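Scroll down for the structure; my scribbles are underneath it.
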Amino acid sequence: MADLLTIADLHVDYAGRPAVQGVSLTLRRGEILGLVGESGSGKTTLCSAITNVLPAGARVRAAEMRFDGRELSELSYEEMRRIRASRIGLVPQRPMTSLSPSSPVLRQLRWYHDGSDLADLLGQVGLKAVIDRPRDYPHRFSGGQLQRLLVVLAALARKPDLLIADEPTTTLDATVQAQVLRLLLDLRDRLGLAMLYVTHDLAVVAQICDRIGVMYSGRLVESGTVDQIFNAPRHPYTQALLAALPGRTRPGQRLGTIPGDVHRDVSGRAAGCAFASRCPVAFARCHEEDPRPIVTGADVVRCHRAEEKE
Ligand SMILES: Nc1ncnc2c1ncn2[C@@H]1O[C@H](COP(=O)(O)OP(=O)(O)O)[C@@H](O)[C@H]1O
Ligand SMILES: [Mg+2]
């Protein structure tokens, strides 16, 4: 499978404060990469950088950000807008901000997709109400309904090559979540869609993803196949996350939090590996030097211990 998205050494700062630090990843066509990590680890910032929707004041630099053979940073605003409108779909973390409040939901859906299959697709995710209530505005629907609508909107309406979904099922109950996940898998199979899927829920990851990326303090500390990450995690943070899960892949299981703080030096600046002060196997070098990502094929691990074992 050809690489659809390649990111190398991506950094994002907000007013000089680093939020994403040296992330490298690749995504192939038809592949679903699950991105996990505790709140504040930089997942939304990474999604926003790829889709160029970072707030004013954010600064981005990357050695490479290539989408289907084109370097994204070289595109004009207008070209990027066109790609986002047609080829990269984004399901944002907050649904209320993406639909216009001043037109009926069904009419907004028809702007993007006027196919006769719309009713059928909406039915598949429990949204027949949108067809039955053609004159209802967004505020008449629940948060869960709107979140499902956004998946439909981003995934179907535009038939993108890449769908970036930022915690799209976090606020949904288990039944609705299962419907959305089925829809996403179906779309992947039918359209060959690649997906970057951000979630707290490891059961979801195990269910729909091919590969997993683990974020910690702005870094992608490890990525690998679902099998590799669940059965042979290499980074101590990934190991701690999995060890903190009693049932491992019980539905609705959220990521455990690991006690302690991100490591800082006397001046308050982060020094060495961000995980060092919480890491059970840290040694002197971990407190002095931030490990560089070790890339093997599509996978990465960012840890001095793992480096020793290479
Ligand atoms: N608009 C913003 N302005 C300044 N700092 C931000 C902004 N958005 C996020 N951050 C900071 O960037 C870091 C990463 O945040 P975010 O990407 O939202 O993480 P996640 O999605 O994993 O919870 C956090 O420290 C957060 O406080
Ligand atoms: Mg987020």
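The values are calculated or read from the model by the stated rules, or taken from the named source; none is laboratory data. Note that the coordinates shown come from a computational prediction; the quantities given were computed from them, not determined experimentally. Methodologically, a virtual Cβ is constructed for each residue, glycine included, from the backbone with ideal geometry; neighbour enumeration extends over all protein chains shown. Surface areas here come from the heavy atoms of the whole protein model, side chains and all, with no ligands, DNA or RNA. Shrake-Rupley method; radii C 1.70, N 1.55, O 1.52, S 1.80 Å.
Have a look at 54, 75 and point out the one that is within 14 Å of ligand 2 (Cβ to nearest atom), of a type in the set (A, V, I, L, M) and open to solvent by 10 Å² or more (accessible area, probe 1.4 Å).
54
Hey, among the residues in region 155-181 that are farther than 16 Å from residue 30 by Cα and in a helix (DSSP H, G or I), which one's modelled with the lowest pLDDT?
So, considering only residues that are farther than 16 Å from residue 30 by Cα and in a helix (DSSP H, G or I), the one modelled with the lowest pLDDT is 157.
Quick one: in region 14-48, which of the residues that are away from ligand 2 (no atom under 12 Å from the Cβ) and hydroxyl-bearing (Ser, Thr, Tyr) is modelled with the highest pLDDT?
Top of the filtered list is 14.
Return yes or no: is residue 184 over 30 Å from residue 233 (Cβ atoms) and not in a loop (DSSP other than H, G, I, E, B)?
no
Looking at (1) more than 16 Å from ligand 1 (Cβ to nearest atom); (2) touching a residue at least 60 places away in the same chain (Cβ under 8 Å); (3) open to solvent by less than 40 Å² (accessible area, probe 1.4 Å), can you tell me which one residue 167 breaks?
(1)
For region 209-217, does any single residue satisfy the condition of being among the acidic types (Asp, Glu), part of a helix (DSSP H, G or I) and farther than 19 Å from residue 42 by Cβ?
Scanning region 209-217, I find no residue that is among the acidic types (Asp, Glu), part of a helix (DSSP H, G or I) and farther than 19 Å from residue 42 by Cβ, so the answer is no.
Select, from 196, 220, 185, the only residue that is in contact (Cβ under 8 Å) with a residue 12 or more places away in the chain, of a type in the set (A, V, I, L, M), within 27 Å of residue 46 (Cβ to Cβ) and open to solvent by 40 Å² or more (accessible area, probe 1.4 Å).
185
From 122, 149, 99, grab the single residue that is closer than 26 Å to residue 49 by Cα and in a helix (DSSP H, G or I).
Criteria check complete, one pass: 149.
If I ask for residues that are within 15 Å of ligand 1 (Cβ to nearest atom) and part of a strand (DSSP E or B), which ones from region 52-66 would you list?
Those that are within 15 Å of ligand 1 (Cβ to nearest atom) and part of a strand (DSSP E or B): 58, 59, 60.
Output the number of the condition that residue 51 fails; it satisfies all remaining conditions of (1) under 19 Å from residue 9 (Cα atoms); (2) modelled with pLDDT of 90 or more.
(2)
Could you check, for region 82-95, whether at least one of its residues is among the hydroxyl-bearing types (Ser, Thr, Tyr), in a helix (DSSP H, G or I), within 30 Å of residue 133 (Cβ to Cβ) and away from ligand 2 (no atom under 16 Å from the Cβ)?
Within region 82-95, one or more residues are among the hydroxyl-bearing types (Ser, Thr, Tyr), in a helix (DSSP H, G or I), within 30 Å of residue 133 (Cβ to Cβ) and away from ligand 2 (no atom under 16 Å from the Cβ).
Let's see how each residue does on (1) in contact (Cβ under 8 Å) with a residue 60 or more places away in the chain; (2) charged (D, E, K, R); (3) surrounded by 15 or more Cβ atoms within 10 Å (Cβ to Cβ):
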| position | (1), (2), (3) |
| --- | --- |
| 105 | no, no, yes |
| 109 | no, no, yes |
| 116 | no, no, no |
| 130 | no, no, yes |
| 133 | no, yes, no |
| 137 | no, no, yes |
| 145 | no, no, yes |
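I want to confirm something. Restricting to region 54-78 and keeping residues that are modelled with pLDDT of 90 or more and of a type in the set (D, E, K, R), which single residue is nearest to residue 6 (Cα to Cα)?
66
Give the residues of region 15-24 that are open to solvent by 10 Å² or more (accessible area, probe 1.4 Å) and either under 21 Å from residue 64 (Cβ atoms) or touching a strand residue (DSSP E or B) at 6+ places or on another chain (Cβ under 7 Å) (or both), sorted by residue number.
18, 19, 21, 24
Residues of region 1-51 being part of a helix (DSSP H, G or I) and among the basic types (Lys, Arg), which ones?
43
Sort through 211, 254, 248 and tell me the only one that's farther than 19 Å from residue 21 by Cβ and modelled with pLDDT of 95 or more.
Testing whether each residue is farther than 19 Å from residue 21 by Cβ and modelled with pLDDT of 95 or more leaves just 211.
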